[in-house]
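**Student:** Quick one: the structure is below, and I'll ask about it shortly.
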Amino acid sequence: MLGIRRISTNRRWWHKKKNWLFFVIFLFLVYVRISKGAFYKDFYYFISKPFWPGQFQKEIVLNSIDQEYLIKLNLLKKDNLRLRRILSLKESSNDEHISAAVISRKTGSWWRQIILNKGSKDGVEIGNIVIGPGGLLGIVKNTSLFTSSVTLITSPESKLGVWVDRIQTNGLLVGLGDDYPSLILYSEDADIKVGDFVSSSPASTLLPPNIPIGIVQSIDETLKSKKTAKILLLAKPQVIDWVQILEVNI
């Protein structure tokens, strides 16, 4: 009889422990859901730290900024700062950059994004612009304490106002989930040509003006109400290891 009581007591203890274990797991899953994976990203930050790209690659990226300046020389449109302040459009300073390493990337899947090793503790905020060698990469979608997730301009979530300088025309750049976002011009008379430079629009409410984006690779003129074109991006998210986060002020 004593042995049976001991077994019964042990079982009750084990069931209580098991219930508490399930309860703790449930709370952890709720936390992960509410924080949108911030815990996972911060954990990945620490375990991936030994494998981050080295200083040599960072110097290559910083030197490639010269390429951006050469492209910007071809942009004839100059921003009117006074008018942008009146219209409450976003503007930025070239000195307000945060250098960050790419510690994870999903550039071959439909939902295209990269994760950086800088987060809210470094001053990164949702809506910050991310640029790499050549030009625009994407926009910060969310942050954790140590990391930030960037939605690339190739993602179907991305829709940005852009500028074709040669013909002085605004357009819409839409990500399609592949390496070539689509430029939409809502004018059948737009004289767009292969090789035209595309940059961020001076009228954009999301981006600073004159950030290089890409060049027109091919044009589809089959639609009567608009023209569409495939854009070859100047910045290659699938090979870039270091980026700059641009702090944007309203």
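FYI, it's all coordinate maths here, none of it is from the lab. Keep in mind the model is a prediction, meaning the values are calculated, not measured. Glycine also receives a Cβ, built like all others from the backbone with ideal geometry; neighbour counts cover every protein chain displayed.
**Student:** Within the set LYS106/LYS159; LYS159/LYS236; LYS118/LYS193; LYS118/LYS227, which residue pairs have Cα atoms separated by over 27 Å?
**Tutor:** Violating the 27 Å Cα-Cα cut-off are LYS118/LYS193; LYS118/LYS227.
**Student:** If you don't mind, there's one more thing I want to ask. Spin-label point model (7 Å from Cα, Cβ direction): what's the GLU125 to SER48 distance in nm?
**Tutor:** Calculated label separation equals 2.5 nm.
**Student:** Name the residues whose placed amide hydrogens come within less than 5 Å of the amide hydrogen of LEU234, ignoring near sequence neighbours (fewer than 5 apart) on the same chain.
**Tutor:** Sorted by chain and number, the residues that satisfy this are GLY214, ILE215.
**Student:** While we're here: With a Förster radius of 45 Å, plug the Cβ-Cβ distance of SER99 and LEU223 into 1/(1 + (r/R0)^6) and report the FRET value to the nearest 0.05.
**Tutor:** Working from the Cβ atoms, E equals 0.60.
**Student:** Give me a comma-separated list of calculated 3J(HN,Hα) values for the stretch 194-204, in order, Karplus coefficients 6.51, -1.76, 1.60 applied at θ = phi - 60°, integers in Hz, x for any Gly or Pro.
**Tutor:** Once θ is set to phi - 60°, the couplings for the stretch 194-204 become 4, x, 5, 7, 10, 9, 5, 7, x, 9, 5 Hz.
**Student:** Going by amide H atoms built from the backbone, whose H comes under 5 Å of the H on VAL102, apart from near neighbours?
**Tutor:** TRP242, VAL243
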